[in-house]
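Asker: Handing you a structure now.
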Amino acid sequence: MRSMLFVPADSERKMARSVASPADALILDLEDSVAAERRPIAREMTAAFIADARAKGAKAELWVRINPLDGPDWEADLAGVMAAAPAGVILPKPSVGEEVHKVSIALGHAETRHGLKAGATRILPIVTETPLSVLQLHTYVGSSARIAAMSWGAEDLGAVIGSIANRDETGNFTSPYRLVRDLCLITASAAGTQPMDTVYVDFRDEKGLIEETRIAKRDGFTGKMAIHPGQ
């Protein structure tokens, strides 16, 4: 996967527009893009969208970002979307590799329940969104055969460690975020999985996205995330 595009899972308009995107994968976002009270309808919309897009021959892989495991929503997310057989789930804010294993077991039960191929649903953990996870990155190596890639995040980590900004005046990531970026790349390599560079959030700056993607490729990342225009 060279490119993954985040799309709010409760916006029919944005989901419909996303089908025309050249991205290799679409991520239907049930977490940050959706208010808690909107998640039940977002799950229904996600399942319907995946089924409809697949029936129409959509080329992009269809992924779902579920909610973190420290709350109750992630189980409802899986219950709401697994019948549609998404290609995989994005796991936000894990603290240790054991959480990937926990999701893997839940996916196995869901695949059996819905008659899906065992092991077909993959996992992409975002492994640097909590400080504890950064200190436990080695635990993700071998945590699940379902891991298709690993990515890192700057926005949520910054809120926890208290940094004022994650980029300097030139637009480059500051020291803490360069560190976790490098550690994600090394951990993914150790795990034998794809390193996916973090999401580019300024959807209005196409030039900036192109340049950051070039840098990511130079450094060893094989894919890049972005936010759907208009989000």
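Asker: Just name the residue that is nearest to the chain's Cα centre (by Cα) out of those in the range 1-31 that are among the acidic types (Asp, Glu) and under 14 Å from residue 226 (Cα atoms).
Answerer: Applying the filter and picking the extreme gives 29.
Asker: Pick from 25, 87: which is open to solvent by 10 Å² or more (accessible area, probe 1.4 Å), hydrophobic (A, V, I, L, M, F, W, C) and at pLDDT 95 or above?
Answerer: Answer to the selection: 87.
Asker: For residues that are open to solvent by 50 Å² or more (accessible area, probe 1.4 Å) and modelled with pLDDT of 95 or more, scanning just the range 38-58, find the one that is nearest to residue 115 (Cα to Cα).
Answerer: Per the stated criteria, the residue is 48.
Asker: Same structure, new question: Given the criterion over 21 Å from residue 6 (Cα atoms) and open to solvent by 30 Å² or more (accessible area, probe 1.4 Å), identify the matching residue among 99, 61.
Answerer: That would be 99, the only listed residue that is over 21 Å from residue 6 (Cα atoms) and open to solvent by 30 Å² or more (accessible area, probe 1.4 Å).
Asker: For the range 31-41, which positions are out of contact with any Pro (no Cβ under 9 Å at 6 or more places or on another chain) and in a loop (DSSP other than H, G, I, E, B)?
Answerer: Passing the criteria: only 35.
Asker: Another question, if that's okay. Residues in the range 51-61: is at least one touching a helix residue (DSSP H, G or I) at 6+ places or on another chain (Cβ under 6 Å) and more than 16 Å from residue 227 (Cα to Cα)?
Answerer: Scanning the range 51-61, I find at least one residue that is touching a helix residue (DSSP H, G or I) at 6+ places or on another chain (Cβ under 6 Å) and more than 16 Å from residue 227 (Cα to Cα), so the answer is yes.
Asker: OK, next. Assuming residue 48 fulfils every condition listed in (1) part of a helix (DSSP H, G or I); (2) within 17 Å of residue 226 (Cα to Cα); (3) of a type in the set (A, V, I, L, M, F, W, C) apart from one, which condition is it?
Answerer: (2) is the only condition that residue 48 fails.
Asker: Going by the conditions given, is residue 116 assigned to a helix (DSSP H, G or I), under 27 Å from residue 50 (Cα atoms) and either over 17 Å from the mean Cα position of the chain (by Cα) or modelled with pLDDT of 95 or more (or both)?
Answerer: It is false that residue 116 is assigned to a helix (DSSP H, G or I), under 27 Å from residue 50 (Cα atoms) and either over 17 Å from the mean Cα position of the chain (by Cα) or modelled with pLDDT of 95 or more (or both).
Asker: If you take the residues of the range 203-231 that are outside any helix (DSSP H, G or I), open to solvent by 70 Å² or more (accessible area, probe 1.4 Å) and modelled with pLDDT under 95, which of them is farthest from residue 5 (Cα to Cα)?
Answerer: 204
The values are calculated or read from the model by the stated rules, or taken from the named source; none is laboratory data. This structure is a prediction, so every number in the text was calculated from the model and none was measured. Please note: Cβ atoms are built from the backbone with ideal geometry, for glycine as well, and neighbour counts cover all protein chains shown. All accessible areas refer to the heavy atoms of the entire protein, side chains included, with ligands and DNA or RNA removed. Shrake-Rupley method; radii C 1.70, N 1.55, O 1.52, S 1.80 Å.
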